[in-house]
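A.B. asks: Below you will find the structure I want to go over with you.
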Amino acid sequence: MHWFDFSGFKITVFSVLDVLLLAIIIYQLYNLIRGTIAANIFIGLALIYLLYYIVPASKMPLLAGILKKVADVGIIAVIVLFQQEIRRFLLLVGKNASLQRNKAWWKYFFGRADVEKDNYARIKPIVDACKGLKQSRTGALIVFAKYYDEQFYQNSCEVLDSKISKRLLESIFQKNSPLHDGAVVISENKIKAASCILPLTDKTDLPLQFGLRHRAGIGVTENNEATAIIVSEETGEISYAKQGRIKMNIGFAELEKLLNKDF
Ligand SMILES: Nc1ncnc2c1ncn2[C@@H]1O[C@H](COP(=O)(O)OP(=O)(O)OP(=O)(O)O)[C@@H](O)[C@H]1O
């Protein structure tokens, strides 16, 4: 079936569907890497490709030769560098594959506004727990993982898989709780695990008062799509880590805003 005919260029139902599906895939991939380290790697690769196409090979043979070598292994490099993102993308497709069982497809592609509206109700118990933890000067580390990687988190954690509640978060971090040491990991709207040992950042330019809790909070956000709230036992200050950077001493209004954006 042909709709329009522009001098040899035919727009068919299939070509429209083709473009639409490609746009959806690109949009989902963009969502997966947006604001992550992968986005920077992607920009780096795109720049190398751009250079490869614009560098005149005859006049600059050395540079052109190196760029050609990188471009030649392009697809392999993409698979290796984006291993995690490709895994997550396939996981996402697989997880939502059953339409009857799960209406997430519709919500995922078209229901973003609904998700945003619900967000404040979802983050309230977390913000309230932080208020309590700050008041009682109870040290805490809460990680929000965009994708829960069982291999990564479960090795060192106590698996909980429970509803998010203020009282549960507060009791986990009580000093006499057996689970208080380490981090709580929240993902897929659940407290997935507690007492997790996370990788520490090896940054050298951090404030002197930062000990292991802050280093673990920053470390987990460096190579994972995760953000973290750190409540300092010493000062009660709340910090927020994202992509290996930390915002110190944030207020609850700001915390709410950050969580609403990232969680
Ligand atoms: N690798 C790790 N992963 C998760 N949590 C950790 C890790 N290492 C230490 N912690 C947590 O940090 C606590 C020790 O915090 P420490 O006093 O060294 O940190 P801090 O950054 O100075 O924070 P605070 O201001 O609360 O003292 C431990 O009791 C443990 O709960």
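A.B. asks: Using the count of nearby Cβ atoms within 10 Å as a rough guide to exposure, how do Met248, Met60 rank from fewest to most? Display every interim value, and only then the final one.
C.D. replies: Working: Met248 16, Met60 11.
Going from least to most buried by this count: Met60, Met248.
A.B. asks: Given a Förster distance of 30 angstrom, what is the FRET efficiency for Gln174 paired with Lys247, based on the Cβ-Cβ distance and rounded to 0.05? Don't skip to the answer; put the middle values down first.
C.D. replies: Values: r = 26 Å, r/R0 = 0.87.
Taking R0 as 30 Å, the efficiency between Gln174 and Lys247 is 0.70.
A.B. asks: Please work out the FRET efficiency for the pair Ile26 and Glu234, using the Cβ-Cβ distance as r and a Förster radius of 41 Å; give the result to the nearest 0.05.
C.D. replies: Details: r = 46 Å, r/R0 = 1.13.
Once rounded, the FRET efficiency stands at 0.35.
A.B. asks: Multiply the residue separation of Leu51 and Lys124 by 0.36 nm, subtract the distance between their alpha-carbon atoms, and state the gained length in nm to one decimal. The partial results should precede the final answer.
C.D. replies: Numbers: separation 73, 0.36 × 73 = 26.28 nm, distance 4.80 nm.
Once the chain is fully extended between Leu51 and Lys124, it gains 21.5 nm.
A.B. asks: Round to a whole angstrom and tell me the spacing of the C-alpha centers of segment 64-81 and segment 200-263.
C.D. replies: Going from one Cα centre to the other spans 35 Å.
A.B. asks: While we're here: So how do 65-77, 227-239, 173-185 stack up, highest first, on mean other-Cβ count within 10 Å? Mind dumping the intermediate values first?
C.D. replies: Values: 65-77: 12.7, 227-239: 20.5, 173-185: 17.8.
So the peptides 65-77, 227-239, 173-185, ranked by packing, come out 227-239, 173-185, 65-77.
A.B. asks: If you don't mind, another one. Per-residue HN-Hα couplings for segment 61-77, Karplus 6.51 cos²θ - 1.76 cosθ + 1.60 at θ = phi - 60°, whole Hz, x for Gly and Pro?
C.D. replies: x, 5, 4, 4, x, 5, 5, 5, 4, 5, 5, 4, 9, x, 5, 5, 4
A.B. asks: Over segment 111-262, how many percent of alpha carbon pairs lie in each 5 Å bin up to the one with the longest distance?
C.D. replies: 2, 10, 21, 25, 23, 14, 5, 1, 0
A.B. asks: Moving to a separate point now. Residue by residue through segment 231-247, which ³J(HN,Hα) values in whole Hz follow from phi under the Karplus form 6.51 cos²θ - 1.76 cosθ + 1.60 (θ = phi - 60°), with glycine and proline marked x?
C.D. replies: Values per residue, Gly and Pro as x: 9, 7, 6, 6, 10, x, 5, 10, 10, 10, 10, 8, 6, x, 10, 10, 9 Hz.
A.B. asks: If each residue's Cβ is checked for other Cβ atoms within 10 Å, how do Arg215, Arg167 rank with the fewest at the top? Intermediate results must be reported in sequence, preceding the final value.
C.D. replies: Numbers: Arg215 20, Arg167 11.
Least to most surrounded, the residues fall as Arg167, Arg215.
A.B. asks: Fewest Cβ neighbours within 10 Å first, please rank Tyr30, Tyr153, Tyr52 accordingly.
C.D. replies: On the way: Tyr30 11, Tyr153 23, Tyr52 19.
Fewest to most other Cβ atoms nearby, the residues stand as Tyr30, Tyr52, Tyr153.
A.B. asks: Label 7 Å along Cα→Cβ of Glu188; segment 123-156 residues with amide nitrogen under 14 Å?
C.D. replies: Once the point is set 7 Å along Cα→Cβ of Glu188, 145-154 turn out to lie under 14 Å by backbone N, inside segment 123-156.
Where a number appears in this text, it was derived from the coordinates with a stated rule and is not lab data. For clarity, every value in this text was computed on a predicted model and none was experimentally measured. For neighbour counting, all protein chains shown are included, and Cβ atoms are generated from backbone atoms with ideal geometry for every residue, glycine included.
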